[in-house]
Amino acid sequence: MAILGHFIGGKHVASTSGRVADVLQPMDGSVRGQVALGSAAELRKAVENAKAAQVGWAATNPQRRVRVLMKFLELMARENDALAELLAREHGKTIADAKGDIQRGLEVIEVCIGAPHLMKGEYTDGAGPGIDVYSMRQPLGVVAGITPFNFPAMIPLWKIGPALAAGNAFILKPSERDPGVPMRIAEIFLEAGLPEGVLNVVNGDKEVVDAILDDPDIKAVGFVGSTPIAQYIYSRATANGKRAQCFGGAKNHMIIMPDADMDQTVDALIGAGYGSAGERCMAISVAVPVGKETADRLIEKLIPRVESLKVGPSTDSSADFGPLVTKQALERVKGYVDAGVQEGAKLLVDGRGFKMQGYENGYYMGGCLFDHVTADMKIYKEEIFGPVLSVVRANRYEDAIKLANDHEYGNGVAIFTRDGDAARDFASRVQVGMVGVNVPIPVPIAYYTFGGWKASSFGDLNQHGPDAFRFYTKTKTITSRWPSGVKDGAEFVIPTMN
Ligand code: NAD
């Protein structure tokens, strides 16, 4: 069986750790191959390669660096169909959705083509007599990314693009569940002209992650995944003096006001709640209709839509969503549905028993819909990460916004309304990082930044947009004086510009 190793110094390198994990095909439960679970020594080898390659890459002028990104975009267009199929087969999402995963990553690469502009510093002419002040942004050196299974193209690209454009070398530790596409991305970058060693992929699990967190030559770590791991990585990386931005889990609410267009709302909710089997950090998992009449209308329209969701294998172009990523994920999600029933929530549509004919070993379940979920229930408090939507009824708008504000997570939120004043008030007061107004999944476009609040994010800068260039560069500020220099004598009072 083929074992996917590492990509170090521009070459495929077999692992010698002796540990591997199966890479599955969720749509039929078969084993596609294996991936190496690397060692700390293998990580160190990648760091040494990256450190050596970074010097020349940083010295390459930024326009030349971004020409590699331009070529990469061209090659990715050529590879689009094959990559989307590989992604769908390893992850379980449909091929159309896999194309979206790739596209949202490439949009960040497009913005990174503006790196020469985004890296410009500041300049003040004549800050004092004969004194000019200017700043420059310089790369950090070697930086690393640790990414989750659910967007195996988009999230690595969100990290690799700005890091490389800014002149860093990068080490990617992708999810061990779907490592195929990240590896292809590294190969395609090399083909696009990226020097060997500037982008390395080290496959693995906690051992490689811990080695990244402790390596003195890695200056910054970008993480995306579940909240407990995000918190762990943030603590350990920052304790070791690294920059860290760590994005975690979510419980995204959609507030539905009495004046919302109910057909549009239900369309939006179905896609945002059940697309990709709910395995998106920006999926809507809680619907909050305001007022009994709104709730009753919503439920009446939702039930038939959830019942008629089409679940299918990833290669079925007519499927709304595919299987979950692993058997354990399937069991975990079904366990949450069991818990919701036990806690007294009303299960209106039960997808637990769904079987996909001809794919009996795949990790499928149908859509589930709960009504009368309350804020003290486990299914409300915790991230389920499956095709399960909970309806929490609110009496008033103030109760609805309080739910979103009091929740532990604060990744995304949406309000559906025709009232501009309500929308404006909501956008201003809600304690969540990304807000949609009649937009169910408000993932900001690439030239804005992406990041949640509260337990959805640790660190102070967001992903992509201008923040990414701040995260992957350090600022140097130069105060220069010409031509008199210091020949007037030593100065013992702190200099001021008066
Ligand atoms: P995960 O936390 O299990 O894994 C993420 C990464 O951490 C993987 O590379 C994995 O190998 C590594 N890892 C796992 N356990 C570890 C440990 N004990 N020590 C060190 N490293 C470890 O997450 P996942 O299941 O791959 O992804 C789903 C989660 O990611 C969900 O919670 C989802 O909400 C979240 N997510 C968040 C965002 C965001 O931007 N906020 C985006 C996508 C996914």
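Points worth noting:
- Residue 32 long-range amide H proximity, modeled H, under 5 Å: 23, 24, 25
- Note on the chain: dipole from Cβ charges, positive end direction compared against 26, 312, 208; the farthest Cα belongs to 208.
- Segment residue 395-residue 96, extension gain: residue separation times 0.36 nm, minus the distance between their alpha carbons: 103.8 nm
- Spatial separation of Cα centroids for segment 170-194 and segment 228-293, in angstrom: 27
- Rounded to the nearest 20 debye, dipole of segment 3-248 from Cβ charges on Lys, Arg, Asp, Glu: 300
- Charge dipole (debye, nearest 20) of segment 245-297; +1 at Cβ of Lys and Arg, -1 at Cβ of Asp and Glu: 300
- Scanning residues 5 or more positions from residue 391 or on other chains, those with amide H under 5 Å from its amide H are 287, 370, 371, 372, 373, with H placed 1.01 Å from N in the peptide plane.
- Ranking of 15, 308, 456, 428 by count of other Cβ atoms within 10 Å, fewest first: 428, 308, 15, 456
- DSSP H segments from the chain that extend 27 Å or more along their own axis, Cα-based, with Kyte-Doolittle mean of -1.0 or above: 40-59, 62-91
- Tensor-based shape of the chain (alpha-carbon gyration tensor, a/c under 1.5 rounded, otherwise prolate or oblate): oblate
- For segment 3-248, average projected area of the Cα convex hull in nm²: 13.9
- Annotation: amide H of residue 349 within the under-5 Å range of 369, sequence separation 5 or more or interchain, hydrogens built in the peptide plane.
- Two-site label geometry, residue 117 and residue 443: point separation in nm, points 7 Å out along Cα→Cβ: 2.4
- Positive end of the dipole of the chain (Cβ unit charges, origin at the Cα centre): among 133, 412, 351, the Cα lying farthest that way belongs to 133.
- If only the Cβ of Lys and Arg carry +1 and only the Cβ of Asp and Glu carry -1, the dipole of the chain around its Cα centre is close to 1080 debye.
- Here the contact order of segment 1-75, divided by its residue count and restricted to Cα pairs under 8 Å and six or more residues apart, works out to 26 percent.
- The chain - percent relative contact order, Cα under 8 Å, separation 6 or more: 18
- Modelled FRET efficiency - R0 25 Å, residue 478 with residue 61, Cβ distances, 0.05 increments: 0.80
- Here 437, 392, 288 are placed in order of increasing Cβ neighbour count within 10 Å, fewest first, which gives 437, 392, 288.
- Burial order of peptide ranges 180-190, 471-481 (average beta-carbon count within 10 Å, highest first): 180-190, 471-481
- Note that segment 120-126 has calculated 3J(HN,Hα) couplings of 5, x, 10, 8, 10, 8, x Hz, one per residue in order, obtained from phi through the Karplus relation 6.51 cos²θ - 1.76 cosθ + 1.60 (θ = phi - 60°); glycine and proline are x.
Values in this text are rule-based calculations from the coordinates and carry no lab data. Remember, predicted model here, so these are calculated numbers, not experimental data. Note that we place each Cβ from the backbone using ideal geometry, even for glycine, and neighbour counts take in every protein chain shown.
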